[in-house]
Structure formats: structure tokens, C-alpha cells
Amino acid sequence: MLSSRLTLVAALAAALLVHGAAQARDREPPAGHKRVIIGFKAGAELAGRSALAAARGRVQRDLPSVGAVAVELPDAALAALQRSAHFEYVEEDAKRYPLALTSPSTTPYASGQLEPYGIRMVQAHLLPQGDSLAGNRKVCIIDSGYSLGHADLPGAPNVSGYNGNLPWDQDGDGHGTHVAGTIAALNNAGVGVVGVAPNNALKLFIVRVFGNDGAWAYSSTLVDAATRCQNAGANVISMSLGGSASNRAEKTKFDQLLAANILSIAAAGNDGNNRTSYPAGYASVVSVAAVDVSGAKASFSQSNKDVEISAPGVGVLSTVPNGHGLLGSLSVGGLAVEAFPLEGSPQTGGTGALFDFGLGDAQLAGAAGKVCLIARGTVDFATKVGNCQASGGVGAVIYNNAPGAFSGTLGTAVTTIPSVSISQEDGTSLKATRLGQSSTVSVAQANYAYYDGTSMATPHASAVAALVWSYFTPAAPTAGRTCTATQLRNSLNKSALDLGAAGRDNNFGFGLIQAKAAYDRIVSLGCGN
């Protein structure tokens with residue numbers, strides 16, 4: 001038994017060290033220090049805390065659910081603590097990043113409501129009672145916050161959150177609001193977009209871990225956030241985030257969650273290689289890869305043995321905080337064409353006849369007062385737009401040199417005319433049939449945006465999981481079936497639309513997640529079969 005003196009010292013150390021439980025946001029440790037997660041051996045926590053105090057360690061976050069703490073330590077103290085008999089492990093407190101690739105880009109409309117392509121790809125529209133039963137499920141979103149008050153997103157009482165890190169109902173980055181819109185954007189009188197569960201029935205709980213810059217958060221912050229989700233009664237945890245290093249505290253937490261009948265879902269990663277991202281790489285977490293509108297693997301999506309399922313993640317249209325998106329628009333001879341603003345384009349507009357500006361690698365006198373239609377390739381986008389502007393052009397439209405659309409940037413170049421990108425198909429069609437016709441191109445602020453990333457695939461999968469599960473709970477036992485988290489996971493995998501090589505593969509996992517197919521399978525065969 002510890003002496004009373006040692007007990008007092010340890011208790012005082014704990015009181016002094018636990019200053020970071022409600023920290024504003026994660027930050028780099030000071031020079032000469034490391035941030036680590038330390039797991040206590042059974043029965044050794046008080047002695048371990050005393051050892052940390054003696055080593056001038058500063059506890060940044062307590063993780064009682066996994067018997068650990070996140071600590072800033074002087075570099076010189078680390079080796080000795082790694083050998084301490086009080087600690088089960090001393091591991092890096094790894095960083096976790098939001099996994100979207102593009103900055104807010106565009107919406108292809110000026111008004112009205114659109115259904116993003118992913119909704120039908122995942123069969124969210126085909127369930128017999130829609131999302132009318134979704135109120136018995138709660139999805140916890142761990143991200144950059146939630147733009148409460150957005151006209152196209154649910155509010156109280158179905159949305160709540162945790163304020164211990166940063167205000168959950170604010171989102172200066174936009175990533176979390178985009179994720180939330182894919183899950184639950186409202187079917188509301190012709191406004192904006194719709195989510196997988198659009199009828200304001202699904203419950204949401206928000207835990208904010210990223211600041212306004214959306215940069216990163218520590219693994220220990222994620223462990224704490226997941227615990228907050230659990231305490232709030234979440235059934236599904238949606239994590240559009242990840243990083244390269246694993247650790248035992250994080251693994252233990254997600255193992256606990258699955259054992260507690262909570263399904264955790266995370267982004268597979270955007271590096272376009274075979275590295276594993278965490279938390280998606282833990283066996284207790286569903287790893288989600290991204291596909292495009294045709295069902296092809298997204299070029300950026302990770303490919304590895306951990307990929308479990310796929311969902312739409314390329315050019316996903318969803319909500320962002322008011323004014324944080326950019327609306328790109330293009331009209332040629334009265335025909336509206338889907339257009340994406342180039343990053344760095346000024347927010348302005350221009351009207352003139354559509355003019356073939358070739359590759360945009362040289363100035364052309366004939367472009368004065370016209371909208372330049374420019375092929376992608378040879379020179380960078382800034383050069384193309386600059387040449388159009390120098391030629392007197394009033395707007396630049398760059399079309400792809402490969403199938404599909406793309407997003408681009410002007411870098412540090414400063415231009416005065418609006419510039420947008422369009423797909424190869426639209427560009428070649430305009431060149432063949434619409435040159436000389438009156439065209440208007442503009443870039444303006446919007447409340448919606450297209451993002452790419454496994455970050456965008458993840459909320460599709462999370463929402464489908466919650467939606468399907470809502471039919472098979474004690475509150476709604478459709479066909480007498482009630483599913484556990486593990487059974488639901490198995491049913492979703494077995495009912496996925498196979499893509500790529502036959503059976504499970506490293507690009508797509510079991511395939512594209514399918515809400516109606518999973519529902520039908522459970523009704524027919526039972527949970528998990």
C-alpha cells in the first residue's frame with residue numbers, strides 16, 4: 001500500500017497537472033518537449049502521476065476510460081519514463097487531420113434544391129419508410145464543428161454537442177458542416193441540398209476537435225471526443241479524419257466502443273497509396289474509401305487491407321458555413337454549365353461572346369471583350385488566365401484534358417477576371433457547338449460547396465449505417481429483427497455493390513455501401529447474415 005505521504009503527493013500532482021481537460025485547442029509542445037500518451041499499469045496510477053510530476057510532466061488531457069493521460073514532457077525525461085515500472089506504455093500522441101482535399105468551390109445553381117449524386121448511389125432514397133425511424137439513432141460527428149443556424153441544417157432539439165474543447169455550434173473551417181450536410185441536410189422547401197437522412201428525424205451530437213484553421217488535433221483529443229460521443233448515447237461515430245501513427249490508447253477506446261454496441265466509421269485516407277490511416281486502420285473501426293460518380297476509385301483514396309467499404313467522395317456537394325463557399329456559374333447561349341471556381345479567382349462576373357482561346361499559352365487579340373474557352377495543358381492555370389486577361393478577355397473557362405471535371409488554383413497570381421473550370425465533356429461540346437454565343441461567367445460567395453476526399457465518403461457510410469440500423473432496433477424491430485453494431489456492420493459489408501476485383505479488395509473493400517440492399521438482406525436473412 002502507498003504511504004499516506006506518497007498518496008498526498010500524487011493527489012496534489014494530479015490536481016496540479018490536470019489543467020488541460022477543457023483546453024481551447026491543440027497546439028505544438030514548447031521547444032525541448034514531447035507530447036506523449038502514457039498508459040498506467042493496473043493499480044499504479046497514483047505512483048505514476050507522482051513520477052510524472054517529478055519529471056516535470058504537464059498533463060494536457062486525462063483519458064480515464066482507457067487508463068491513460070496525454071502529457072508534455074521535457075525531452076530529457078522521456079527515456080527514463082519509458083522504463084518506469086508504473087507505466088504500461090509511453091507512445092506518441094499522434095496528430096489527426098481532416099481528410100478533405102479541396103477548399104470550398106462551387107454550387108451549380110442559383111436557387112432551388114438539388115439532390116447530390118451520392119444520395120442515390122447509396123440507395124438512401126429507396127428505404128420503404130425513408131428516414132422516418134431515424135429518430136431512434138444518434139450519429140456523433142467528430143470534426144471542426146457545426147454551423148448552427150444554417151438554413152439547410154437541423155437545429156435543436158435533434159442537434160446538440162460538447163463545448164469542452166471549442167464551441168461545437170460554430171465552424172470556422174467548414175469541414176464539419178460539410179460532413180453534417182451529407183448526413184442530414186434538410187428536405188426543406190426547395191433550399192440547397194438534401195442529406196442521406198433529410199427529414200429532421202436523425203439525432204446528431206457534435207464534438208469539435210479542429211480549430212478554425214482545420215489543421216489537426218491530437219490522438220488523445222480524439223479518444224476524449226469518442227468518449228464524449230459514448231456518454232451522449234451515440235450509436236454511430238463519424239470521423240472524417242486520420243493520421244499515420246497508431247497508439248494503444250486509441251485502439252483500446254475504439255475496441256471499447258464496439259464492445260459497447262457503438263459503430264465507429266472513419267476515412268481511409270487521401271494519400272493515394274497503400275499506407276494505413278488511423279483510426280480507420282483499427283479492426284474495431286470501419287475504413288471508408290472514396291469513389292466518384294461513375295463508381296471508379298478516387299485517385300487519392302487509400303488502398304490497403306483495412307479498407308472495408310466505399311462511398312461517394314469526389315465532387316460531393318454539401319453545406320458549408322454561410323458565405324464560406326464559392327459559387328461558380330457559367331451560362332452559354334442560355335445553357336447552364338456546371339462550373340468550378342479556380343482557387344484565387346476574384347469574386348466577380350463577365351459577359352461576352354464565347355471565344356476559342358486554344359491552350360491559353362499566348363495572348364490573342366481576338367479575345368477582347370469575350371469569354372475565353374481554354375483547353376487544359378501545356379502551361380499553368382495562372383498563365384492561361386493571365387493571357388486571357390491581357391488580351392482583353394472578360395472571363396476564363398478552362399476545360400479538362402481528361403474525362404470529368406477538376407478543380408485548380410491560380411496560386412499566388414492576382415487576376416481581375418473570373419475564372420472557372422469545367423469538364424472535358426462540357427468543354428468539347430461548347431467548342432463544337434457554342435462558340436460566338438453570349439456567355440456569362442461569375443464567381444460569388446455561397447453557403448454550399450463541392451469537396452473531394454475520403455472525408456466526404458465517410459458521412460455517406462455513417463448516415464447509411466444509422467439509417468438502416470434505425471429499422472432494426474428494439475424501438476423499431478422491422479420483421480422482428482434487432483441488430484447489434486457488429487451484425488449491422490456485417491450486413492452492410494455483405495450487401496455492398498461489388499466493385500473492382502470480385503469479392504473484397506484493397507481499393508473498394510466489400511464495395512459501394514447500399515442502404516436498400518442491406519435492409520432487404522436483413523429482412524430476408526437476419527442480422528449479420
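Sorting 476-485, 291-300 by their mean Cβ neighbour count within 10 Å, with the most densely packed peptide first, gives 291-300, 476-485. With the highest mean first, a sort of the peptides 468-475, 351-358 on other beta-carbon atoms found within 10 angstrom per residue produces 468-475, 351-358. Sorted into 5 angstrom bins from 0, the C-alpha pair distances of segment 296-367 split as 3, 9, 14, 16, 16, 13, 12, 9, 5, 3, 1, 0 percent. Measuring nothing but protein heavy atoms, the accessible surface of segment 314-435 at 1.4 Å probe radius is 53 percent carbon and sulfur. Taking Lys and Arg as +1 and Asp and Glu as -1, the other residues whose beta-carbon sits under 12 Å from that of V468 total +3.
Inter-label distance, S438 to K41: 8.3 nm, where each label sits 7 Å from its Cα along the C-beta direction. Protection proxy ranking of 421-432, 26-37, by the mean of other Cβ atoms within 10 Å over each peptide's residues and highest first, is 421-432, 26-37. Using only side-chain charges placed at the Cβ, +1 for Lys and Arg and -1 for Asp and Glu, the dipole size of segment 280-381 relative to its Cα centre rounds to 80 debye. Computing Rg and the Kirkwood Rh from the Cα coordinates of segment 125-238 gives a ratio, Rg/Rh, of 0.97.
Computed over Cα pairs, the Kirkwood radius of segment 412-529 leads via Stokes-Einstein (0.890 mPa s, 25 °C) to a diffusion coefficient of 134 µm² per second. Rounded to the nearest 5, the antiparallel percentage of DSSP beta bridges internal to segment 274-361 is 50%. Straight-distance candidates among the lysines for linking to K370, with alpha-carbon spacing under 18 Å and chain neighbours fewer than 8 residues away dropped: K384, K431.
Per residue, the convex hull spanned by the alpha carbons of segment 163-209 comes to 79 Å³. Computed with a 1.4 Å probe over protein heavy atoms only, the accessible surface of the chain comes to 37 Å² per residue.
For the pair segment 121-164 / segment 443-509, the C-alpha centres are spaced 14 Å from each other. Average projection, convex hull of the Cα set of segment 243-399: 12.8 square nanometres. Over 30 Å apart at the Cα level, from the set K251/K494; K95/K516; K138/K253, are K95/K516.
By the Stokes-Einstein formula, at 0.692 mPa s and 37 °C, segment 356-475 with its Kirkwood radius over alpha-carbon pairs has D equal to 199 µm²/s. Of all DSSP beta bridges confined to the chain, the antiparallel ones make up roughly 55%. Distance from the Cα centroid of segment 389-404 to that of segment 200-268 is 42 Å (rounded to whole angstrom).
For Rg and Dmax of the Cα atoms in Å, the choices are [x] 24.3, 91; [y] 25.4, 90; [z] 23.8, 78; which was calculated from the structure? Comparing each candidate, only [y] matches the computed number. Taking 4 °C and 1.567 mPa s as conditions, segment 312-405 diffuses translationally at an estimated 91 µm²/s according to Stokes-Einstein applied to its Kirkwood radius (Cα pairs).
The values are calculated or read from the model by the stated rules, or taken from the named source; none is laboratory data. Worth saying up front: this structure is predicted, and the values here are computed from it rather than measured. We place every Cβ from the backbone using ideal geometry, glycine too, and count neighbours over all the protein chains shown. Side chains included, ligands, DNA and RNA excluded: accessible areas come from the protein's heavy atoms. Shrake-Rupley method; radii C 1.70, N 1.55, O 1.52, S 1.80 Å.
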